[in-house]
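This report refers to the structure that appears directly beneath it.
The values are calculated or read from the model by the stated rules, or taken from the named source; none is laboratory data. Please read these numbers as outputs of a predicted model, since none were measured by experiment. Note that each Cβ is placed from the backbone with ideal geometry, even for glycine, and that neighbours are counted across all protein chains shown. Quick note on the areas: whole protein, heavy atoms, side chains included, nothing else; ligands and nucleic acids left out. Shrake-Rupley method; radii C 1.70, N 1.55, O 1.52, S 1.80 Å.
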Amino acid sequence: MQRRHFLMTPPAMALGAAAAAAPIATLAAPTIMTPQSRILPREGKGPRIVICGGGWGGMTAARYLRELIPNSDVVLLERNPTFWSGPMSNKWLIDIVNTDFVNRDMLHPANKYGYKLLQTEVTGFERDKKLVRTAHGLIEYDFLILSGGIRNDYEAWFGNDQKAIDYTRKHFPNAYIPNQEMLALKSKVKNFKGGTLVMTLPPPPHRCPPSPYERACLIAWHIKKHKIPGKILILDPKPKIAPIGVGYKQAFDELYADIITHVPNARVQEVDPFNKRIKTAAGEFQFDDAILMPPHQAAEMVWWADLIGKTPDGKPTGWADMNVRYFTANSDDRVYFVGDLMGAISPQFGHYPKSAHVANYIGKIVAKNIAQRVAGQEVTPLLPDNLCYMMVNGDPQEEISVKFEYEVDANGQVNQTQIDMDVRTPDLVKEDFAWINGKFSDFLGI
């Protein structure tokens, strides 16, 4: 294949950086670039830390690395031009919050906190040389943070049938990964005229376990409000609703009994997107429209870095192979993992919840750990917590929530305590907005 060349000018290279603390990297213009060109030369005397993925975890890590290691050269790589928040996106689908609430500028925090921001696609790694391959060229690092979230494992349903994968993604988007699918799903909800809307739930572990149930409740409220002759069929691979099982069951039964049907033990066996049929362990189902959520895995970048864990029989776990207390790759302690792509933590509960709250918390922990290493100090292992709020009624606005706390036992194992708040109340709505505004202030600088 003929190698393509790119003509780059400085504005095309870097989206933003603090003018004083971390000036925008410039290249002599015009500069002929190739995929093997080394870009963003190092600045300052501190370590170069490259973060792949500009979500909740990646942006948090970038902010706190610059704060804790003032002479560090922090580079954040993100393929999307703006930040989309998964939290609150279900509310956005039915216009409880507007687009400006969930879609935010990424230049402002980069300028405020002094890290470089480059909009580019990460395409691979040369870990032996400490290089990240991107669509714009090669970037050197001393420490690498992978914070790319999840990928949709459509192959679990369709194997190598790319036609079926593309058709499903196009016609039945799930918007579990913040990108153009969010707008497509909102359009689907707005234009739903009736019939059976099927929602498949990914098997655990998956991103934000309560959110599919919240989405079902809010779409059901939209159907109820607008008197749409529609039904929602939730195909859940789990034996029961979890987490916040009592709260969601009460919402289904008391608010949406004539709209939502929850089918447990409905592990997907076959999907025919062209003829709108799904075969599950709980039976076969026909649908008029669907939100099809396949199993989740760690983002592609973890696979490209060859850092996916393996089961005892040598099969890939689908998640990062990591030290459960320090969040480093087991085979490369210069690489850190933040957010939903992380591997299992404990035999007691499996994975940390794949939530924005945890990603934000781990981003801070990893920044502290790297700062301690750079300063030659002993690294202190820290634990996160987790908090999720979920709206189940749009009028009056009412929410339920779940909290997770963690501790290390005498054997060094991390244990989890889960606290469900199943009674829906407007007070939790106020707490929810206070929580997210606090988080946005933390890493978006607003």
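Backbone phi angles across the stretch 259-270, fed through the Karplus curve with coefficients 6.51, -1.76 and 1.60 (θ = phi - 60°), yield HN-Hα couplings of 10, 9, 10, 9, 10, x, 6, 9, 5, 5, 10, 8 Hz in residue order; Gly and Pro are listed as x. Straight-line reach from residue 170: taking Cα to Cα under 23 Å and skipping same-chain neighbours fewer than 8 places apart, the lysines in range are 91, 186, 188, 190, 193, 231, 276, 279.
A straight Cα-to-Cα reach below 28 Å connects residue 368 with the lysines 45, 112, 116, 129, 130, 354, 403, 439, residues fewer than 8 places away in its own chain not being considered. Label positions at residue 348 and residue 284, each projected 7 Å from the Cα along the C-beta direction, are separated by 4.6 nm. Considering only beta bridges that DSSP places wholly inside the stretch 218-310, some 65 percent are antiparallel.
Put simply, the amide H of residue 196, placed in the peptide plane, has neighbours under 5 Å in 231, 288, 289, leaving out anything fewer than 5 places away on its chain. Which one, 262, 206, 357, has the greatest fluctuation when you compute a Gaussian network model over the chain with C-alpha springs under 10 angstrom? Ranking 262, 206, 357 by mean-square fluctuation puts 262 first. Using a 1.4 Å probe on the protein chains only, how many percent of the accessible area of the stretch 312-446 belongs to carbon and sulfur? Accessible surface attributable to carbon and sulfur in the stretch 312-446 totals 48 percent. Phi-derived couplings, Karplus 6.51 cos²θ - 1.76 cosθ + 1.60 at θ = phi - 60°, listed residue by residue for the stretch 223-240: 4, 5, 4, 9, 6, 7, x, x, 10, 10, 10, 8, 9, 10, x, 7, x, 7 Hz, with x used for Gly and Pro.
Our note on the geometry: Cα centres of the stretch 147-206 and the stretch 97-130, 24 Å apart.
Computed from point charges on the beta carbon alone (+1 for Lys and Arg, -1 for Asp and Glu), the dipole magnitude for the chain about its Cα centre is near 1060 Debye. In the chain, helices alone account for a calculated mean residue ellipticity at 222 nm of -8000 deg cm²/dmol, with every DSSP H run of four or more residues adding -39,500 (n - 2.57). Shown in residue order for the stretch 384-391 are the 3J(HN,Hα) couplings computed by the Karplus curve 6.51 cos²θ - 1.76 cosθ + 1.60 at θ = phi - 60°: x, 9, 8, 8, 10, 10, 9, 7 Hz (x for Gly and Pro). Taken per residue, the accessible surface of the chain reaches 42 Å², heavy atoms only and a 1.4 Å probe.
Remark on residue 37: its backbone amide H falls under 5 Å from those of 138, a criterion applied only to residues 5 or more positions apart or on other chains, H modelled at 1.01 Å from N. Ranking 167, 210, 320 by Cα position along the charge dipole of the chain, where only Lys, Arg, Asp and Glu carry charges on their C-beta atoms, puts 167 farthest toward the positive end.
Distances between placed amide hydrogens fall under 5 Å for residue 421 paired with 401, 402, 403, all partners being 5 or more residues away or on another chain.
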